[in-house]
Each structure stands twice: as structure tokens, then as C-alpha cells.
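The values are calculated or read from the model by the stated rules, or taken from the named source; none is laboratory data. Every value quoted in this text rests on a predicted model; they were computed, and no experiment measured them. Please note: Cβ atoms are built from the backbone with ideal geometry, for glycine as well, and neighbour counts cover all protein chains shown. Quick note on the areas: whole protein, heavy atoms, side chains included, nothing else; ligands and nucleic acids left out. Shrake-Rupley method; radii C 1.70, N 1.55, O 1.52, S 1.80 Å.
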Amino acid sequence: MRSTDVREKFLSFFEGVGHRRVKSSPLIPAQDPTLLFTNAGMVQFKDCFLGLQDLGFKRATTAQKCVRAGGKHNDLENVGFTPRHHTFFEMLGNFSFGDYFKKDAIAFAWELLTKHYGLPKDRLWVTVFETDDEAAKLWEAQGVRKDWIIRLGEKDNFWAMGDAGPCGPCTEIHFDWGVNRGCGKPTCAPGCPCDTRFLEIWNLVFMQYNRDASGKLAPLPKPSVDTGGGLERLSAVLQGVYSNYDSDVFQPILSAISETVKIDYGKSTDTDVSMRVIADHLRSGTFLVTDGVNPTNEGRGYVLRRILRRAIRHGKKLNQDAPFIYSLVKDVVRSLGAVYPEIAEKQKYVETIFREEEERFHQTLHRGLGLLEESLSRLGKGAHRKLPGEVVFKLYDSFGFPADLVQVICAEQQVGVDEEGFNALMEKQRGQSSWTGSKSTAAVDGILRSLEKNRPATLFTGYDRVSDKGTVVRLWDSSGQEAEQLTGEGFFLADVTPFYAESGGQVGDTGVVSSASTRGRILDTKKWGGVTVHMVTIDSGALKVGETVELSVNADLRKKTAINHTATHLLHAALRKVLGDRVKQAGSLVDSGRLRFDFAYPRGVTRDEIATIEGMVNREIRAGLPVKTEEMGYDQAVKSGALAFFEDKYGDRVRVVRVGGESPFSVELCGGTHLSTISDVGVVKVVAESSVASGVRRIEAITGEAALSRLMDHDRLVETMEAKLGVKAPELPDRIDQLAGEIKHLRKEIDKLKLTVAQGGQGSAPWDRKVTVRDLQVVIERVPGANPGVLRTLADQIRDKLKERVLVVLASENEGKVSLCVGLSKDLVGRLDAGKMIKPLAQAVGGTGGGRPDFAQAGGSNPGGIESAFAQFRQSIEKQDPA
């Protein structure tokens, strides 16, 4: 049975027994800071299981795309080496939100597997939680042999959402590959350490308890069901192949890789591993980029970068020294594009991101490997060798060489890595954050996780007002410990708030909380799901749980933020009109002072394009048309032309923001705060355009008073330049070009004069001051005020004059900086190496350097070290040829 049929049969079966087919959610979990990626089918239904969301149906079924490549669930290092580990996979699942429970869940699973998929009953074993007699009896009722129902402990057959919260026993269905695949022991069964005979194909989780902080279990009023089975595993079983990579999920992609690298799959274990790694990472990379992740050095982007670079390294093992992985994206699209049309729509974009990352990493490897190999060679031979943390940090900081790749290369040469030293240097670089930085973020994340078991929703009234009364529901101190009253720094929840919580790129509101006896400053506001957490500093009195307070937003900052948010929508629309629909939002930041908009685009935006975009936006502002918001169904909003972003999570009801009149300039789904009239923006001025990641551009702009102030500053600057240069504004560029040309000409003349002085002027030339050391003609000179270009020219002249066996060492101090060079005549190359000889000289003046065997240059910051460097060098050449 083809994998496409396996997927469709699963979903159709559960639709037939009353389940709603729900499309896969994005790989970026919406509003959930506890997860790096969507790693299970239940993630999009988390609030349903917690009783915090009602979708309008009690049964659901999905084929969910998942990634496990970071954090707790991380299969990255196993991929390629085992038959069934993947970074990307599809999880088939059926879910009950307080509807059916164990009896129906087990009956559904058994019917689908044995009747619809046709799996033989004598090849199916099950495991249950050791005390779950109910599940064991239900399996017996389905006809499963009692001795094939294996009871296992909490580690294997008990599932929990977290340390506290919903949890319950689970039962797993295993396929028996036969005794020939196992360890041969008569006790071999699911859970056996050999892990080769039995394959888990489906896990049914029964959420029937709530675990409190002390570990005590209490029955849930509405038990639920969450099941998950890997499409790749089930397809392999139904196709009769032991490895997932031998199923039709992977074989077409592996064939394409084999054809590209010109190596047959199955030829050798090593090349097979590399091809499997590339096949898997192609899939995960394609879906991650499609869902809005771009290669970066932090968070999700760093995981994607690791995935792609691991694939590139395995490509090099297949003799691929140029980008090629990008060309295989089409094969992933051919395999899965019909099921997930978004990857087909984004194919060209994904290929661009892949190719740029491949090119960048090949350059990184070329630059960094030299330093790494040199550092490893210095460690010598023997056991207990360890690469210093400073080297790893330099490779990472200066060359962009990943620390995990350094570890891999060192492991291949039986060399350890000073991780402690590297981490200390990384921490030092990051610096210490203030209370409103990482400390508060960590505390808020901890608070939000604690709210999973008791999350009272907050009513947001801030679209209509900037002040409202609310009751304090919960309090925490600055470390995240819950309290009944608060003085100083901390956090609180209220049942009603006009404060907009950080979301969708818009910063959280600030303002004041007050009562008859208490006053505090709200410094920030964060949100997860329906909960708004206020970060507060109490200036007088004490904030208490149950107290009614006045919550007042800083109205001036709110208005300025709304101006920038509405301007962001205008800018986004203009970018798409000028650059095309391939512009896709990749992030934004909107606060009271500026706006920042990141978008997917393969090249920089030209000055002319920016001018066109600015003009278009400001024409709309001058038109003074209204900004309208309304709520409607998601499907209706998308049909009406509203821009929705695939990586965002939307409910059945969404808020649509229309900027413009009957034919609006911009229509987007957005929960942020906005103006009511476009003209309130005033003016938009783009102040910067840059690259922030491979294939991602950033536009920064200011609006209103800030933009007007900048324009006035520019006018004053132009007036000053007119006065100083004696020309009018239109003539300034030509006058500046003229002066720059004159300066360049004069600098060349100065260099000529310096060279003349260095050559001896009216006195003796440097080559006349040579000394003979053994068979070498040696010139060691200090040249005052010379730049590196002058030193190089002088070294060339000395070598030309003296012809053979020439060794030249020149040094110069210029504005506190040291320049050095070492030159050899061609007949000495092979006997001596200028690139190696300059290194101790550079160290003596506090710098670094290098170059070719016949000529090398260096720079330093310690002019006082020049004479000692010369003295050491003279001593070394008098004894023997320098190393």
C-alpha cells in the first residue's frame, strides 16, 4: 500500500466514525514558548485538552507534520544510522476531547489495523501501563492473546504533558518482525533491550488524571484520548520493508540523490548513511523553511542551520564540493507537494535559501578548517588531548564555524574539546541582562508553564479604551514564585485589562496600576493563549490578590505604537506591489519609536525601489482614508483577500484590518492596535535596508514626529554643507566627488614621498645597508610613517636590487598601529617560508599575520615591540634558518 493511501485511509476511517478532519498545524507552535517545534499531533489541541478552548467538535483526526531536532525530543544525531529515526515525520492521530475513551479508542485502532489495513492479528502485540487492568481487558476482548499484552512501567507506558497537569496511562501497538530479527531470547517482547524485533506503530494515550505539584493524581472530569502513529513506520510495515528508508516515502528521494552524486544506494554502509541523512534533512529543511524558519545562529534558525550543514557535510563525504542539495528540493515537492501544497508554492524560495546556505557553509569550511587544522597539529600526539575553548570561540566568533562541527571533527581525531572554556567566553560575550531582560523573560516563561494547570483567561478591552478596572487574580515575585501580595518587582494577572500584550511583533503596553493604597508601574505585558501577564514595579503600598485596581495604559506611547503598526501594514502592502507576491513577512517589531519589518526576498532592495515604496505609502497617507477592523470567520476572511501567514495560528474567528476605502490598500489578519484614519501616520521614512539572514531582508522606518524631525535634521545638515563647501544643494554631490578625488591624488603623492624617504632620499638606500648572515643578504629596516602599501613596494624594490638569497623584514608605526612585512627572493622559497616567519614577529607587536611563502604581512597594536621583534629575529637567523 502506497504511503499516500496509508495516510488517506487513516483520515477517511476516522471521518467515517464522526471525527473532524483538521489540517496540519505549522511546525512553529503558535503562542507556546515551551516548544521549539511542533513534535506531536496533539500540540495544536493542547488548549482543548486543558479545557481552555472549545473548537465546536469533540473528535478530530490529523496527519501532522512534526520535527524532532532540538530540545528534549531530538533525534538528529541518530538520523541515517538507524532504520526509523527522522528529524521530520508525519504523525497520524485521532483525538477525543472529553468524548469517547479507552473502549472506543482501542476498538477503532484494532479495526483500522486489522480490517482496513489488513495487518495479520498474529503479528500484533500491545503494551499497557502496569496497573491499567481496564486497557488489558479491552485488548483481550479484541482477541489479543493475554501473553502478548505486556505490562510496562511509567517510563514506557505513562504519558504526561509536563511535571504537573494532564497525564495518564498509554497503550502501544507493536508489529512483530519475527524471531529472526530479535535477540533470540525466549523473553524477547516489546520493551526488550534488543529493540530490533518489535516496532511500535501506534500509541494511544488516555488522559484521565491531573497531577498536582506534589505528584498526587486526581481524576479528570472529562478524560480524553490522544493517539499518534508515524506514517513512515506504518508505510514500511504495510510495504513489507524493515527500514523506513526502503519504503516509498524515501526511495524516490534516495534515487534522486544517488543519481546526483553518481553513487549507487546500497553500494556501501558509509555512503548509504550519508544518503539517508541527506534525504531526511531535505524533508525537514524544506518544511521548516516553508513554515517561516530561516538559517540563523539562534533558536529555531540555528536548528535548521545545523540540519542543513549536517546534510552538506555528508554531501562532502559523497565527494560533493559544490552546492547540490538545493537541486533536490523538487524531489521533496514531487513526493509531498500534493498533500502539503505550501511546499510547492514556496519551492523556488526554499531552493534559494538552501543554495545560499550551502554556498555560505562551503566558504565557512574553507576559512575555518585551516585554523582548526593548525590548532590540532599544535596539540601533538598522545592521549588526553583537548582543543582550547579560546580556539573554538575564535572559530565560531570570527569565522562562523559551528561549535558542534568542531566537536565532530575533533572526535574523528580522538581530541576532546574545552566546552567549559568555550561556554564561558560565549557567556561573557552575551553580557549581563537587566531585570527587564532575560531574567524577567525566564520568570514569565516559568509562570506561563505553571499556568497550564490553572489558566484563568483575561478579558482584553484595549481595542476600545486605554483605562479599565480589573481584579488581581494571581501574583508572583520577580523570581516567579507565587505570592498573595507583592511589593517591589513582580508579575500579576487581572481578569480584565486594557493592556495589549506583546504579540504579532507589537511590543506590550506600559502604564500604571493603582488603587486607593497602591501604585505601581507596569513595565511590560506578555501573553500566552488567553492569559496576559503584567510585569510591574510597586512604588507604594502592596498589590494583593482579590484587589480591584485601575489599569491605565500610557496613551501617548500606545498612539505612537498604533501609528507604527498601521504604517507596517502600509509598508508590507507596498513591498508586495513593488517587488511582487514572493515578499513574505518573516518577522516584525513595532514599538512607539520605530518599526522594523523582516521579509523573505532573495536580494537587497535598491534605492529606486525604496523611493517608489516610500512614495506609494505616503500617497496613501495623504489620501486620509479610514482604517477599519472587523471580526469574521477565517475562511471568509481569506476569501475576501486578507493576507494570512502560514506559520501563524488562527482560530475560527479572526480580526481583519483593512487600511483604505472601498478598494483597500492593505487587508491583513491582525490582532494588534491600529489607528482609525491613515492620515494620523503623518509620514513614513525608510531609514535602513539590510540583510538579517540568508534570503531575509529587513526594512527599518520611522513615522510621524520622528520622521519629520529626521527630515528637518537633514535640511540643517545640507545647509551646513552648503555653507562649508560654497555650493548649493544640487551641486553638493559633484563638489564632494571633486574633493574626494583631490584627497586620493594627494594621498598617492604623500605615499610617493614616503617611499622616496624610505629609499634613502639623498642618503644611502636600504639595500645598501644590507648585512650578510651566513649565505643570506638580510635587510631589517624600520620605515617611519609608512602604510602597508609602501612597505610592500619597498620590499619588492629591495628584492629586485639584491637579486638572490634576499631576506627582507620591514616595520612601520603609523598612528599607533604597526605594519610588518617579510619578503624572500624566489630562490629561497622552499628553504624558508615568509608566512611562517612573520608569525612570531606579529606576536611581538601584539598582532597576527600571514601570507604566501615568498611574501607575508602582519599588523599589530604595540609599536614598543618592534625593536625586540627585530632583535629576536636577528638572533634566530644568526643560528640557523628561521622556522
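Data for the structure
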| read-out | value |
| --- | --- |
| Considering residues of region 348-396 that are in contact with a Gly (Cβ under 6 Å, 6 or more places away or on another chain) and among the aliphatic types (A, V, I, L, M) only, the residue farthest from VAL692 (Cα to Cα) | LEU395 |
| Qualifying residue in region 229-246 (condition: assigned to a loop (DSSP other than H, G, I, E, B), surrounded by 16 or more Cβ atoms within 10 Å (Cβ to Cβ) and among the small types (Gly, Ala, Ser)) | no |
| Extreme residue, surrounded by the fewest Cβ atoms within 10 Å (Cβ to Cβ), among residues of region 6-64 that are of a type in the set (Phe, Trp, Tyr) and assigned to a loop (DSSP other than H, G, I, E, B) | PHE57 |
| Filter result for VAL339 (more than 26 Å from ILE263 (Cβ to Cβ), among the aliphatic types (A, V, I, L, M) and over 19 Å from the mean Cα position of the chain (by Cα)) | yes |
| Which listed residue is without any contact (Cβ under 8 Å) to a residue 40 or more places away in the chain and either under 29 Å from GLU749 (Cα atoms) or surrounded by fewer than 21 Cβ atoms within 10 Å (Cβ to Cβ) (or both), from GLY860, GLY847, GLY865 | GLY847 |
| Residues of region 373-392 that turn out to be at pLDDT below 90 and closer than 18 Å to TYR302 by Cβ, as a count | 0 |
| Those residues of region 606-632 which are out of contact with any helix residue (DSSP H, G or I) (no Cβ under 7 Å at 6 or more places or on another chain) and either under 27 Å from VAL507 (Cβ atoms) or in a strand (DSSP E or B) (or both), in sequence order | ILE610, GLU614, ASN618, PRO626, LYS628, THR629, GLU630, GLU631, MET632 |
| For ARG558: the one exception among (1) outside any loop (DSSP other than H, G, I, E, B); (2) on the phi > 0 side of the Ramachandran plot | (2) |
| Out of LEU717, LEU755, sole residue that is open to solvent by less than 80 Å² (accessible area, probe 1.4 Å) and more than 30 Å from GLN585 (Cβ to Cβ) | LEU755 |
| Residue satisfying condition, being in contact with a Gly (Cβ under 9 Å, 6 or more places away or on another chain) and not aliphatic (A, V, I, L, M), within set GLY624, GLY672 | GLY672 |
| Selection within region 247-271 - part of a helix (DSSP H, G or I) and surrounded by 23 or more Cβ atoms within 10 Å (Cβ to Cβ) | ILE253, ILE257 |
| Criterion: part of a helix (DSSP H, G or I) and out of contact with any strand residue (DSSP E or B) (no Cβ under 7 Å at 6 or more places or on another chain) - qualifying residue of LYS381, LYS394 | LYS394 |
| Region 815-832 - residue that is open to solvent by 10 Å² or more (accessible area, probe 1.4 Å), within 43 Å of the chain's Cα centre (by Cα) and in contact (Cβ under 8 Å) with a residue 24 or more places away in the chain and, of those, farthest from ARG852 (Cα to Cα) | GLY816 |
| The one condition in (1) open to solvent by 60 Å² or more (accessible area, probe 1.4 Å); (2) within 22 Å of GLN875 (Cβ to Cβ) that LYS803 fails to fulfil | (2) |
| Some residue of region 450-465 being of a type in the set (A, V, I, L, M, F, W, C), over 30 Å from ASN297 (Cβ atoms), modelled with pLDDT under 80 and crowded, with 17+ Cβ neighbours inside 10 Å | yes |
| Any pair with Cβ under 9 angstrom, 6 or more apart, that starts in region 729-742 at a residue that is open to solvent by 90 Å² or more (accessible area, probe 1.4 Å) and ends at one that is not basic (Lys, Arg) | GLU731/GLU722; GLU731/LEU725; ASP734/VAL727 |
| Options GLU351, GLU358; residue that is farther than 23 Å from LYS839 by Cβ, assigned to a helix (DSSP H, G or I) and open to solvent by 20 Å² or more (accessible area, probe 1.4 Å) | GLU351 |
| Region 576-591: number of residues that are at pLDDT 95 or above and crowded, with 21+ Cβ neighbours inside 10 Å | 0 |
| Failed criterion for ILE173 (all others in (1) within 25 Å of GLY240 (Cβ to Cβ); (2) open to solvent by 20 Å² or more (accessible area, probe 1.4 Å) hold) | (2) |
| Residue identified as modelled with pLDDT under 90 and either of a type in the set (A, V, I, L, M, F, W, C) or within 19 Å of PHE855 (Cα to Cα) (or both) among ALA723, ALA786, ALA740, ALA729 | ALA786 |
| Every residue from region 774-820 that is more than 17 Å from ASP751 (Cα to Cα), in a strand (DSSP E or B) and in contact with a Lys or Arg (Cβ under 8 Å, 6 or more places away or on another chain) | LEU776, GLN777, VAL778, VAL779, ILE780, GLU781, VAL806, VAL808 |
| Any hit, region 508-521, residues being under 30 Å from the mean Cα position of the chain (by Cα), among the hydrophobic types (A, V, I, L, M, F, W, C) and open to solvent by less than 20 Å² (accessible area, probe 1.4 Å) | no |
| Test: residue in region 592-611 that is in contact (Cβ under 8 Å) with a residue 12 or more places away in the chain, open to solvent by 50 Å² or more (accessible area, probe 1.4 Å) and within 25 Å of PHE499 (Cβ to Cβ) | yes |
| Filter pass, LYS222 being closer than 30 Å to ASP99 by Cα and open to solvent by 50 Å² or more (accessible area, probe 1.4 Å) | yes |
| Any pair with Cβ under 7 angstrom, 6 or more apart, that starts in region 765-792 at a residue that is among the aromatic types (Phe, Trp, Tyr) and ends at one that is in a strand (DSSP E or B) | TRP767/VAL779 |
